[in-house]
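First the structure, in the form of structure tokens, and then the observations on it.
Every number in this text was worked out from the coordinates using simple rules, so none of it is lab data. Remember, it's a predicted structure, so these values are computed and weren't measured experimentally. Neighbour counts are summed over all protein chains in view; Cβ atoms, including those assigned to glycine, are modelled from backbone coordinates with ideal geometry.
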Amino acid sequence: MEKREYKELADKVIGMLMNNGADMKTNNHLAMDNWEWPTGVALYSLYKVYEKSGDESYLKMLEDWFAHQLAKKPPHRNVNTVAPVLAMVCVYSVTKNEEYLPHINSWADWVMNEMPRTEYDGLQHMTVLNHHHQQLWDDTLFMAVLFLLKAGKLFNRRDWIEEAKYQFLIHIKYLQDKITGLFYHGWTFDRRHNFAEAFWARGNSWFTAGAVEFIEILDDRDDATSKYVHAAWLDQVKELQKYQGIRGLFNTLLDDESAYYETSATAAIAYGVHKGLRIGLLSGDIYEKMSENAINAVVNKVAEDGTVEGVSFGTGMGHNLQFYKDIAVRPTAYGQGLTFLMLTELI
């Protein structure tokens, strides 16, 4: 496909999401009229298209969305509702809209001082329904830590930057398998284990995409934490390459061929690997082919109306591997958003 065709596909993918009904009664994770993590992923992807294309219509979409949401009652604060603030920081970096400043500062203060912590001061994966006592999850890095780093860099807050660096380090320590380099979904300090020891694909992909963002935002390749995150990412990508399916997709359990193929994880992995190649974190024909195959596989999962198919629904922590195989497959905002994010690398 040509760059123009990728842009047209991206417009279709995000258009389906933006035009979808806002009625959350459907509980389909596809509506955009909510302050939640699936929406946060899509918003960040919208900003990436604006950043790369200069298309002001995407910036306008973001400004309109934030204006609408900020007029509402403030959302419940948890790890997932931090996610949209990353896009707010990005929009502020362009528009300098001072209305955003108290919200950005308030969310950063909450993460720094009020968000529950695990042993050794990790960010506990607290959600609206469950505090997940003493648990670290892959998802937290993308949902909350990238925001803290981006805001820290923009506002020259060394304390926020150092906290973001520490969170990547402690999550790598407890979630990355030392033998394979793949990431377990979670860790509990209460029982000191990795639950089902699942190499869940989307959990891994939060790191594949998130680590590249971390390195780019921090913008200091000589920094010790940046070097450590890069090394962890390389170990993961080298192992991921071994598990890519013949058609380019990844199984929802990476090392289990009986688990179904999953599109959102493939899209995020494709984004991370393609961007890693582009900015010099990785090189080699084998990884270029890996990226190309994943991109083509995801493109082939986009329906005529722009719906991204083959996406697993919201996934809590599994205590056995079958749990992940049984997660329903249906369209979601993060499926659209991660596919859109992948396409931002191609337009």
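A few remarks follow.
- When the charge dipole of segment 259-347 is built from unit charges on Cβ atoms (+1 for Lys and Arg, -1 for Asp and Glu) and taken about the Cα centre, the candidate among 263, 276, 295 whose Cα reaches farthest toward its positive end is 276.
- Dimensionless Rg over Rh [segment 202-296; C-alpha; Kirkwood]: 0.97
- Take the Cβ atoms of residue 238 and residue 63, set R0 to 51 Å, and the FRET efficiency comes out at 0.80.
- Local electrostatic count, residue 170, Cβ distance below 14 Å [Lys/Arg +1, Asp/Glu -1]: -2
- Here the contact order of segment 282-334, divided by its residue count and restricted to Cα pairs under 8 Å and six or more residues apart, works out to 29 percent.
- Couplings 3J(HN,Hα) of segment 120-135, computed from phi: 6, 6, x, 6, 6, 7, 7, 10, 5, 9, 8, 7, 6, 3, 6, 10 Hz, in residue order, whole Hz [Karplus 6.51 cos²θ - 1.76 cosθ + 1.60, θ = phi - 60°; x for Gly and Pro].
- Pairwise label distance in nanometres, residue 278 with residue 110, each label 7 Å out on the Cα-Cβ vector: 3.1
- Simple label model, 7 Å out from Cα along Cβ direction - residue 246 to residue 322, nm: 2.9
- Spacing of the modelled spin labels on residue 222 and residue 255, each 7 Å from Cα toward Cβ, amounts to 3.9 nm.
- For segment 1-149, the alpha-carbon coordinates run over 49, 35, 32 Å along the three principal axes, in decreasing order.
- Size of charge dipole - segment 158-207 - debye, nearest 20, with Cβ of Lys, Arg +1 and Asp, Glu -1, no other charges: 100
- Segment 247-336: radius of gyration over Cα atoms, expressed as a fraction of 2.2 N^0.38 Å: 1.14
- Across segment 147-159, rounded Karplus estimates of 3J(HN,Hα) from the backbone phi angles (6.51 cos²θ - 1.76 cosθ + 1.60, θ = phi - 60°) give 4, 4, 5, 4, 5, x, 5, 5, 9, 6, 9, 4, 5 Hz, Gly and Pro being marked x.
- Over segment 72-195, volume per residue of the alpha carbon convex hull, in Å³: 108
- Counting only Cβ charges, +1 for Lys and Arg and -1 for Asp and Glu, the dipole size of segment 60-200 around its Cα centre is about 120 debye.
- Here the residues 257, 163, 309, ranked from fewest to most Cβ neighbours within 10 Å of their Cβ, fall in the order 257, 309, 163.
- Listed residue (50, 14, 61) projecting farthest to the positive dipole end of segment 1-113, Cβ model: 14
- Using only Cα coordinates, the Kirkwood hydrodynamic radius of the chain works out to 19.9 Å.
- Selected from 81, 126, 113, residue furthest toward positive end of dipole (segment 79-139; charges at beta carbon): 81
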